[in-house]
Every structure is written in structure tokens, then in C-alpha cells.
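Q: Take this structure first; my questions come after.
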Amino acid sequence: MTEVTMPEKSRAVPFRGGGFRPRPVRFVGLGVFVVLIALVEWGTRAGWISALTLPRPSDVLATFGELYRSGALWEHLSVSLVRLSVGSAIGVSAGVGIGILIGLFSLIRAGLVPLVAALFPIPKIALLPLFVIWFGIDEGSKYALIALGTFTPTVVATYGAVDNVDRTLIRMGQSFGLSWLSIVRKIVLPGAMPGILSGLRISLAIGIILLVAAEMLGATHGVGSYILQAGSLYDLERLFAGVTILSVLGVTVSGLIGLVEKRVLNWRA
Amino acid sequence: MLMNRRHALAAMGGAAAAATGLAAPAIANTPLVVGALRLTSHAGSYVALDRGYFADAGLNVELRFFDAAQPMAVAIASGDVDFGITAMTGALISLADRGAVKVIGGALQEEPGITGQKYLVSDAAFQDGVTTPAALAGRRFAISQAGSSFHYMGSKMAKAEGIDLEFIPLQSVGNIISSLRSGQVDGWSIVPHIALALAGSGDVHIVGDVADYIPDYQVTTVFTSSGNAANERAMTESFLSAFSRGVADFNASMVDATEGDAARDEMVRLIHQYVYTDREYEKAAPSIINGAMRLTPNAALNVASLKDQLDWFKAEDLVDQDIAFETVVDSSYVESV
């Protein structure tokens, strides 16, 4: 056994690993919001932003307060939340199911991928009048619109995620004699989960966008119909109050998915 | 007021005219954009443009077409359009409250004895016994948006009959028609040429006249930016007088029909250049003739009707409660009736 000798003049190598790992930085996001809103408040008060261009944030807040006190906020929010959750539950569960099937079976992939690709670029809003005839002007057409809108991005994200599961892990499972079902359950699904969840972020954001579209036809309550009404009355305070509700809804949904990610993906750490 | 190129040109033209001591026209060849919908009720602008009345008044008018009343009000506020003719919508009142637009005259009006706007019901509702507007109690009444003229007409009828209606916003006339045909909604109200065409198909039935519930209803108004109303008096007056000449021609040949069939046909051909352009003349003519409601002579303001509309908007909590009539309407340009 020969002895390894270190060269006389060895160079100290600094540690170059690390980085490329997002870490939480508190309050910066909040700060950006505060600065922007303060700027608009100042502009509208000082007069270099006219009342026609942007509403005063404090007026929007007052409108929001009024909405809350009168109980109308809950009236609008509850129907919208039901529409969003029922519609996206249908769309997402069908999307994940079919996405996994496409990822696992070549025949289903050959049959359905072109269909999904054909459905994806259709603006779902354009189909709304059709949905009204098919599913009625009440909740049915709204669920259908949100379901179809969340379905296609979920399918694409899901089969992409299944495709990206590390094949060496699957081969390893096979060489250890795992059954097909075990491989799907223990390797494919957990491996696909990060991709599915990040796809879900996009799908649910699309669901929130479609909420406004779904409430275009025949809705007298709902955040979307509230926004549309404010827009048609050129009532900027109500418009921004409504838009803020949707933004908060988006942040909440994204936060919830973040929580799910933490739980489901803790194997990654 | 912001100075844009058009206004600058107008000011230069005005200054030049003043310098050379020319009395009339006060402003020569002022470029103007006038907002219009492709409806017979906008014939005043078409006639004034086509017969050169705008040119006579020294205005170089370009028509810009819209799909609905609300966007036109917003376009006036943004300065893209100088004058508009459309219904007094919630958007118009809100923009007036923000100091952007002013109503300066009246246009389409309901008049007893002249075919006016109709209340319609779907065939399903009609078979179910809804043969009068009052029988729509508790049923679905289609509107484009809260605060639209459809909402006003439905609401006034409901109040007069002492019934409740469920107002269903469907955004566009196209959506309303398909929903009414398929029986998704029960009732609606609309200008006569659309009402008669729909009733002819048998899917929809006419059950009443808007004029019975809202006599002297000033359906559409002439409006402009607050800047034009306050600072461009000469130009605004020239526009109104040229527009009124177009209105007078339209009333004479289409509504009062005092000039015989040849004049009427000529008028229909003129309007057909702008309305129902996708249909042949023979098919379009009956609709244009049916749609001929009176345009208020001299663009006079029906103050009582406009006040009633403003009060309705306030009562429905669609606009701010403190908006004064004078904030919305500048009645210094035309006479009030």
C-alpha cells in the first residue's frame, strides 16, 4: 500500500456548493405591496393620478369595509367559492386521473394527447353560450366552464410529471421484484407529485380567472359578477375591491398548495 | 384639459378664422370622431355625415362604431371619441361624476302612436301563460348588465305592475337572444326592429309596449367630454346643429313619412350603408323601417325622463347617491322639453 503524499504547495479550495436553493425572506413581498399602494395613494391625493385613471386605495378599502359590513362580501364570496371548488374539483381530479393514465399506458396516450392538445387552446369563454344550452344557465354551466378550464392544464402537467419520473428508480424497483402496482404507488406517483402540484398552481389560477368568465352569464351574485357590474358602471372602487378579493383568493390557494407540498413532498428534503 | 393634436389644430383653425375676421363657419374643417352603434336609432349621425351637414358646419367627422353603450362613454372619457349618442348608462353617470363626460342633448325617444320598444317573452313562458308583462312576476328578465337600459325598462315595468323580477345579466344582445330563444330566460325588452324580427320566428312573443309603462322615455342622449362642453362651445354647437339637421331629415322621411315612399327608400338606402350591412337591401329594409322611432327634434332634452332615470340609478344603488342632475347634464346647449 503506497502512501499518498500531498503536494507541497497545495491550493486551498473554497467551498463552491450551495446556492440555487430559494430560502424564505420574510416581509419583502409585503413591503413591495405597501410601497406600491402608498405610491398610488399619494398620487391620487396629490392629483398627478386623476380620479379617472386609478381609484384611491383608501376609498377602495372603505368600499371593501362597506362590503364586509353589509354582509354582501360573504354573499358574493360564498357562491364564488362553491363554484370554484366544485368546478376545479371536477376538473382537477379528472385531469390528474387522465394524466396518470396517459403517463402509464401508451394506447391511452396515443388516443388522448391529441384530444387534450386540441382542447387546450380553445378559449373556454367562447364556449360559455354553448354550456348554457347544455348545462342550463344556473350553476351547471359555471361548474362546466371552470372544470374544463382546469382540466386541460392539469392533464398536461400530470402526464409530463409522470414522464419525468426517474427511470432508474423504476428499473431499480423492477430489479428488486416490485409488482407493477407497487412501482406505480411507491415510485411513479410520489415522483410525479412535485410536477402535479406545480401544475395545480397554474390550473387553480386559471380556475380563478375563469370564475369571472363563468359569472358573465346569468349570475347575480359572485365575485366575478360583482367585478363585471362594477366595470360596466365604471365604478373603479368596487372594481378594485373585487379584483383584490380575487388576488387574495389566488394568494390563499397558492399558500394552501404550498402547505400540501410541504407535507406530501417531505421525502424530498 | 389635455391638449391633443386635434384640439391644437382646432384652436389654430379658430385663431386663424378669428384673425381673418371670418364670421361663419367659426371653426373650419375641425376633425371630430363621433361614436355610433349600428342601429337605426343612430341615423341622425349617418344622415348628417352622408348629406354633408357636418361638412357644412365645418366639421370633418369620422364615425367610430361600438358594440355597446358603456364602452362609448369610456372612449369619450379617454378622449378617443368627441361625441357619442347612446343610452344613459351607469358608466355614463359615473364618468360624469368623475368630471369626464356630460350629456348635452337628447336623441331616441318613446312616443305614443309610434311603434316603440317592446316587452318580449320566450315561447316556453308564453305557453305557460305569460301573455302580459305583469305575468312575468317572479320570472327571469334578461338584461345586458346592471344599470343598462334593459334593466331600467324591466324595473320600471315591475314597479308599475307591483311585481318582482329576477334580473339576469347576460352581457350582450346576442347572448340574450339565444337565451330567450332556448327558454333560459323568460322576458326581455328591446327596440322594435329586433323585437318584430324575433317575434316573426315564433320562438319569442311580444306582450307589451315600453311606452305604456315609461311614456316619453328618452332612450338615448347626445353626450361629449366635459372639456368639449365647457371649453369648445362653438364646436359643440356646430355639431348639435348639424346632427339636428340629420335628425329632422330622418323624422320627416321615416317617422312622419311626410315625404313619400321615394324619400323613405332613399333614407333606408342611406341607413343601410351603416346598419345591417351584412344583409341585402331587400332583407334589411323592413327591419330598418320597423326600427324607425322618433329622434327628438333639435336634440332637445327631456329633463323629466332623464331625472327619472338618474333617480332610478340612485334608488338601485348603482351610482353614488350625491350625484346632482347638473353634474350629469349640461342643459345650456339645447332646449328642454
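Each value in this text was obtained by applying a stated rule to the coordinates, not by laboratory testing. Predicted model only: the values in this text are computed from it and were never measured. With ideal geometry, Cβ positions are generated from the backbone for all residues, glycine too; neighbour counts draw on all protein chains shown.
Q: Could you work out the pair-distance distribution P(r) of chain B from its alpha-carbon pairs, with 10 angstrom bin width and percents rounded to whole numbers?
A: P(r) over chain B, rounded to whole percents: 6, 26, 33, 24, 9, 2, 0, 0.
Q: Which lysines, if any, have their Cα less than 17 Å from the Cα of B:LYS102, not counting same-chain residues under 8 positions apart?
A: Candidates past the 8-residue exclusion: B:LYS307.
Q: Calculate the translational D of the stretch A:208-253 in whole µm² s⁻¹ from Stokes-Einstein, where the hydrodynamic radius comes from the Kirkwood formula applied to all Cα pairs, the temperature is 37 °C and the viscosity 0.692 mPa s. Don't skip to the answer; put the middle values down first.
A: Details: Rh = 10.5 Å.
For these conditions, the coefficient is 314 µm²/s.
Q: What is the Rg over Rh value, at two decimals, for chain A, using alpha-carbon atoms and the Kirkwood definition of Rh? It would help to have the intermediate numbers written out before the result.
A: Values: Rg = 25.1 Å, Rh = 22.2 Å.
So for chain A, dividing Rg by the Kirkwood Rh gives 1.13.
Q: Could you identify which residue out of A:VAL86, A:VAL113, A:VAL32 has the top mean-square fluctuation in a GNM of chain A using Cα springs shorter than 10 Å?
A: Result for chain A, Cα springs under 10 Å: A:VAL32 fluctuates most.
Q: Something else now. Evaluate the distance, in nm, between pseudo-label points positioned 7 Å from the Cα of B:GLU266 and of A:SER93 along their respective Cα→Cβ axes.
A: 7.1 nm
Q: Grab the DSSP H runs of the protein assembly as shown that are 4 residues or longer, score each as -39,500 (n - 2.57), total them, divide by all residues and round the 222 nm result to the nearest 500 deg cm²/dmol.
A: Working: 27 runs with 341 residues, N = 606.
Taking each H run of at least 4 residues, the total per residue is -17500 deg cm²/dmol.
Q: Can you tell which of B:GLY187, B:GLY84, B:GLY174 shows the greatest fluctuation in a Gaussian network model of chain B with Cα springs below 10 Å?
A: B:GLY174
Q: Could I ask something else about it? Round to the nearest 10 and give me the degree value, 0 to 90, for the angle of helix A:28-46's Cα axis relative to the longest principal axis of chain A.
A: With rounding to tens, the tilt is 20 degrees.
Q: For B:SER172 and A:ASN266, what is the calculated FRET efficiency with R₀ set at 56 Å and r taken between the beta-carbons, to the nearest 0.05? Walk me through the numbers before you get to the answer.
A: On the way: r = 50 Å, r/R0 = 0.89.
Step by step, r from the Cβ atoms, then E = 0.65.
Q: What's the whole-number percent of alpha carbon pairs in the stretch A:102-208 lying beyond 18 angstrom?
A: Details: 3322 of 5671 pairs.
Considering the stretch A:102-208, 59 percent of its Cα-Cα pairs are separated by more than 18 Å.
Q: Still on this structure, please answer the following. Taking the simple approach of a point 7 Å from Cα along Cα-to-Cβ for both A:ALA205 and A:SER50, what is their distance in nm?
A: 3.4 nm
Q: Separation between the B:ASP278 and A:ARG109 pseudo-spin-labels, each 7 Å from Cα along Cα→Cβ, expressed in nm?
A: Each label point is offset 7 Å from its Cα along the Cβ direction, giving 4.4 nm.
Q: For the stretch A:188-269, what does the equivalent ellipsoid look like in terms of its semi-axes, each the square root of 5 times an eigenvalue of the Cα gyration tensor, given largest first in whole Å?
A: Numbers: eigenvalues 232, 32, 11 Å².
Those come to 34, 13, 7 Å.
Q: Taking amide H positions as placed in the peptide plane 1.01 Å from N, state which residues far from B:LEU63 in sequence (5 or more) or on other chains have amide H under 5 Å from it.
A: The answer is B:VAL34.
Q: OK, next. On the principal axes of its Cα set, how long, how wide and how thick is the stretch B:266-328? Give whole Å, largest value first.
A: 50, 25, 17
Q: What's the magnitude of the charge dipole for the protein assembly as shown around its Cα centre, counting Lys and Arg as +1 and Asp and Glu as -1 at the beta-carbon? Answer in Debye, nearest 20. Intermediate results must be reported in sequence, preceding the final value.
A: On the way: 44 positive and 53 negative charges, 793 e Å.
That gives the protein assembly as shown a dipole magnitude of about 3800 debye.
Q: Report, to one decimal in Å, the Kirkwood hydrodynamic radius for the stretch B:178-337 based on all distinct Cα pairs. If you can, show how the numbers build up before the last one.
A: Numbers: mean 1/r = 0.0540 Å⁻¹.
Averaging 1/r across every pair of different Cα atoms and inverting gives 18.5 Å.
Q: Which FRET efficiency, nearest 0.05, do A:LEU178 and A:SER198 yield, Cβ-Cβ r, R0 22 Å?
A: 0.25
Q: Would you kindly state how much longer the chain becomes between A:VAL25 and A:LEU259 on full extension, computed as 0.36 nm times their sequence separation minus their alpha carbon distance, in nm to one decimal?
A: Full-extension gain reported as 82.5 nm.
Q: Please grab the % of Cα pairs in the stretch A:1-119 that end up more than 20 Å from each other. Show your work: numbers first, answer last.
A: Numbers: 5380 of 7021 pairs.
In whole percent, the long-distance tail amounts to 77.
Q: Which residues in the stretch B:187-226 place their backbone N less than 12 Å from a point set 7 Å from the Cα of B:THR132 along the Cα-to-Cβ direction?
A: Answer for this model: B:208.
Q: How much of the calculated P(r) for the stretch B:141-267 lies past 22 Å, in percent of all Cα pairs? The partial results should precede the final answer.
A: Values: 4366 of 8001 pairs.
That fraction is 55 percent.
Q: Evaluate the protein assembly as shown: find the radius of gyration of its Cα atoms, find its Kirkwood radius, and give the ratio Rg to Rh. Intermediate values should be presented prior to the final figure.
A: On the way: Rg = 31.0 Å, Rh = 28.2 Å.
Rounded to two decimals, Rg/Rh equals 1.10.
Q: Quick one: if the Förster radius is 51 Å, what FRET efficiency do A:TRP134 and B:ARG233 give, using the C-beta to C-beta distance and rounding to 0.05? Before the final figure, lay out each step's value.
A: Numbers: r = 56 Å, r/R0 = 1.09.
For R0 = 51 Å, the calculated efficiency reads 0.35.
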